[in-house]
Amino acid sequence: MSNQISDGFLVVDKDGGMTSHDVVAIARRSLGTRKVGHAGTLDPMATGVLVLGFGNGTRLLQYITDGDKSYSATVILGSSTVTDDAEGEVLSSATPEKLASARDEDIKRELAKMFGTILQRPSSVSAVKVDGERAHARVRAGEKFELPAREILISQLDVIEIRREEDRICVDIEVTCSAGTFIRAIARDCGDALGVGGHLSALRRTRVASFTLENAVSINNLKSGEFSVFSIASVAMKTFPFRSVAEDEAIELSFGRALSESPSNEVTAAISHGELLALLKNEDDRARPIAVFAAKN
């Protein structure tokens, strides 16, 4: 890694058994900066793509988090848990007879019902805030409650394999979904619909927005400093519509002034000589800067 890069992004393949904050702490040491954040929390059990922004890259993380995501996961049918995953206390278990009644076609049918735009109730053991406090903290304190359902979009939900074991059914799935989707809730809701209980035993995130596992660095390489980073301009050009700005426009942006209206009404990246100068948003027939990243000398 070049020590000259103070702003940008890197993609980490998170190991199981560590929190997203653990990864941020390692990155802070390797990058030599405290200004590091991540896009989209991964549970300790989960592995895979965790996007980190550092320096001015942290200012784009909210847009990365809002992008869609892809996962590979294993659903366990036959028991439910307090956390909707394998790390939680078992709440109920299905009898062998009840489990045997859940046919492969039944499993596929219930999962297919979740395809598209649906209302999903988040897991109560999640980072969703309830009255200013994380839901998982309230559960650990002994509270019992259900979070309200919210609208999500599942654009892919493929059943890869169904394996029947003595006291459970293992269902491997691949999912692409909008931000705010809980894969654990897919397992829980499928098990509930079949009357056998369900939870998640494995979860691997394979993509966040334009970032994939092919871009990812291992935790060991992150610790040793053997990794490359993405510039904020390259990420902005993959995340937003972009426009090249002339020298006089770059000077205007450095003072926070508006430019002529952009072709797109979405947030647009202003690029000059491969550098991200600002994010623009059309308002009153002008493209107004909502964030300025570089001043033109």
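The values are calculated or read from the model by the stated rules, or taken from the named source; none is laboratory data. Everything numeric here is computed off the predicted structure, so don't read it as measured data. Using ideal geometry, Cβ is built from the backbone for each residue, glycine included, and neighbour counts are taken over all protein chains shown.
State yes or no: is residue 294 at pLDDT below 95, more than 24 Å from the chain's Cα centre (by Cα) and either surrounded by fewer than 20 Cβ atoms within 10 Å (Cβ to Cβ) or not in a helix (DSSP H, G or I) (or both)? In short, yes.
Remark: residue 13 falls outside the filter, which requires a residue to be modelled with pLDDT under 95 and either buried (at least 19 other Cβ atoms within 10 Å of the Cβ) or in a strand (DSSP E or B) (or both). In the set 176, 181, only one residue is surrounded by 17 or more Cβ atoms within 10 Å (Cβ to Cβ), β-branched (Val, Ile, Thr) and assigned to a loop (DSSP other than H, G, I, E, B); that residue is 181. Per this entry, residue 82 is counted among residues that are under 30 Å from residue 189 (Cα atoms), in the same structural domain as residue 115 (by TED's automatic domain parsing) and surrounded by fewer than 20 Cβ atoms within 10 Å (Cβ to Cβ).
Being farther than 26 Å from residue 279 by Cβ, free of Cβ contacts under 8 Å to residues at least 60 places away in the same chain and among the small types (Gly, Ala, Ser) is true for just one of 46, 73, 25. Which residue is that? Of the residues listed, the single one that is farther than 26 Å from residue 279 by Cβ, free of Cβ contacts under 8 Å to residues at least 60 places away in the same chain and among the small types (Gly, Ala, Ser) is 25. Taken over the stretch 258-274, the residue count meeting the criterion of being within 26 Å of the chain's Cα centre (by Cα) and either surrounded by 15 or more Cβ atoms within 10 Å (Cβ to Cβ) or of a type in the set (Ser, Thr, Tyr) (or both) is 5.
Got a number for residues in the stretch 201-250 being of a type in the set (Gly, Ala, Ser), more than 30 Å from residue 90 (Cβ to Cβ) and surrounded by fewer than 19 Cβ atoms within 10 Å (Cβ to Cβ)?
9
Quick check: is even one residue across the stretch 56-73 part of a strand (DSSP E or B), over 14 Å from the mean Cα position of the chain (by Cα) and in the same structural domain as residue 97 (by TED's automatic domain parsing)? The answer is yes, given that some residue of the stretch 56-73 is part of a strand (DSSP E or B), over 14 Å from the mean Cα position of the chain (by Cα) and in the same structural domain as residue 97 (by TED's automatic domain parsing). Exactly one residue out of 176, 206, 181 is of a type in the set (Ser, Thr, Tyr) and touching a Gly at 6+ places or on another chain (Cβ under 9 Å): that is 206. Against the test of being exposed (fewer than 12 other Cβ atoms within 10 Å of the Cβ), hydrophobic (A, V, I, L, M, F, W, C) and at pLDDT 95 or above, the options 119, 111 yield a single qualifying residue, 119. Scanning the stretch 75-95 for residues that are at pLDDT below 95 and not in a strand (DSSP E or B) returns 82, 83, 84, 86, 87, 88, 89. Could you identify the single residue in 171, 175, 130, 235 that is more than 20 Å from residue 71 (Cα to Cα), modelled with pLDDT of 95 or more and touching a helix residue (DSSP H, G or I) at 6+ places or on another chain (Cβ under 7 Å)? It is 235.
Here is a yes/no grid of residues against (1) in the same structural domain as residue 22 (by TED's automatic domain parsing); (2) among the small types (Gly, Ala, Ser):
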position: 167; (1), (2): no, no
position: 175; (1), (2): no, no
position: 182; (1), (2): no, no
position: 189; (1), (2): no, no
position: 196; (1), (2): no, no
position: 215; (1), (2): yes, no
position: 218; (1), (2): yes, yes
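Taken residue by residue, the stretch 34-49 has no member that is assigned to a helix (DSSP H, G or I) and of a type in the set (Asp, Glu). Can you list residue pairs whose Cβ atoms sit under 8 Å apart, with the first residue in the stretch 90-111 being of a type outside the set (Asp, Glu) and the second being assigned to a helix (DSSP H, G or I)? Count only pairs 6 or more apart in sequence or on different chains. Close Cβ pairs satisfying both conditions: 102/194; 107/190; 107/194; 111/186; 111/190.
Considering only the stretch 245-278, state which residues are more than 24 Å from residue 211 (Cβ to Cβ) and not in a loop (DSSP other than H, G, I, E, B). If the condition is that a residue be more than 24 Å from residue 211 (Cβ to Cβ) and not in a loop (DSSP other than H, G, I, E, B), then 247, 248, 249, 250, 251, 252, 253, 254, 259, 260, 272 are the ones that fit. Given the criteria surrounded by fewer than 16 Cβ atoms within 10 Å (Cβ to Cβ) and closer than 20 Å to residue 219 by Cα, does residue 19 qualify? Taking the combined requirement at face value, the residue satisfies it.
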